[in-house]
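The values are calculated or read from the model by the stated rules, or taken from the named source; none is laboratory data. Please read these numbers as outputs of a predicted model, since none were measured by experiment. Glycine gets a Cβ as well: all are built from the backbone with ideal geometry, and neighbour counts include every protein chain shown. For the accessible areas, the whole protein counts, side chains as well, though only heavy atoms, and no ligand, DNA or RNA atoms are used. Shrake-Rupley method; radii C 1.70, N 1.55, O 1.52, S 1.80 Å.
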Amino acid sequence: MFLMHKNIPVADIEVSGTGDIRFMRVLDRSHMPLGTYSRYQDLAVLRLQQWMKTRAIPEGRQERKRIENALSCSVSDAMLKAMGVSLTDCYWFRDIRAKQLSWEDVNYHTNGFSQETVPVILYGTDTRIVDFRSPDFTTDGILKKAWVIASGVPTMVNLGISGSMQMGRTC
């Protein structure tokens with residue numbers, strides 16, 4: 001698969017079943033995520049692996065295991081199924097066979113996103129997720145949170161430990 005920055009192929013990577021990078025060939029170092037490039041291949045792979053871990057729901061997220069059970073996969077797998085698309089940057093993962101896909105086809109600002117994950121992530125509703133097109137898989141932080149579309153604007157809903165709801169909008 002390719003790590004993409006909008007429509008620019010940045011690296012050719014192979015990801016193992018555990019979400020670790022087994023192979024990487026840098027295609028455009030000027031577009032690598034900040035702090036990930038190194039002229040030393042092993043170090044570059046480690047840095048990109050670390051970047052990918054910060055891109056998925058973290059280990060310490062409240063009720064992460066329940067989320068994975070509802071997804072029937074790890075959050076790393078879910079992030080890859082969602083192509084790593086985020087609301088906060090322009091990086092994503094394109095399957096090597098999907099050369100026709102572009103940033104314009106996958107970004108959530110233009111195309112919206114599925115809200116199927118919201119009840120699972122926030123309230124523990126045990127439904128089987130089918131549509132992985134969600135920015136929830138690329139949202140960091142340990143508190144329960146999910147993206148919704150409120151009045152046409154992507155909005156993050158946070159549920160803290162006490163269960164109080166807070167909302168914040170993107171620009």
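Only protein heavy atoms count here; under a 1.4 Å probe, Leu101 has an accessible surface of about 50 Å². Structural descriptor for the range 116-155: relative contact order 39 percent, calculated from alpha carbon pairs under 8 angstrom and at least 6 residues apart.
When all protein chains stay in place and ligands, DNA and RNA are ignored, the 1.4 Å accessible-area order of Ile13, Ile142, largest first, is Ile142, Ile13.
Ligands, DNA and RNA are left out, and with a 1.4 angstrom probe the accessible area of the range 71-118 is 45 Å² per residue.
How many Å² of accessible area per residue for the range 1-41, probe 1.4 Å?
Accessible area per residue: 59 Å².
To the nearest 500 deg cm²/dmol, what mean residue ellipticity at 222 nm is calculated for the chain from DSSP H runs of n ≥ 4 alone, each contributing -39,500 (n - 2.57), summed and divided by the residues?
-6500 deg cm²/dmol
A crude spin-label estimate for the pair Val153 and Cys90, with each label 7 Å from Cα along the Cβ direction, gives 2.3 nm. One chain, two ends: Thr54 and Glu68. Fully extended at 0.36 nm per residue, the span grows by 3.4 nm beyond their Cα-Cα distance. Each label point was placed 7 Å from the Cα along the Cα-to-Cβ direction; for Thr125 and Leu34 their separation is 3.6 nm. Per-residue accessible area (protein heavy atoms, 1.4 Å probe) orders Val26, Val106 as Val26, Val106, starting from the largest. Averaging the Cα positions of each part gives two centres, and for the range 95-155 and the range 9-71 these lie 19 Å apart.
Largest GNM mean-square fluctuation across Gln115, Gln49, Gln41, computed for the chain with C-alpha springs under 10 Å, falls on Gln41. In the chain, the longest principal axis of the Cα atoms and the axis of helix 41-55 are about 20 degrees apart. Normalising the average separation of contacting C-alpha pairs (under 8 angstrom, six or more residues apart) by the number of residues puts the relative contact order of the chain at 20 percent. Here the chain has 53 percent of its accessible surface on carbon and sulfur atoms, given a 1.4 Å probe and all protein chains in place.
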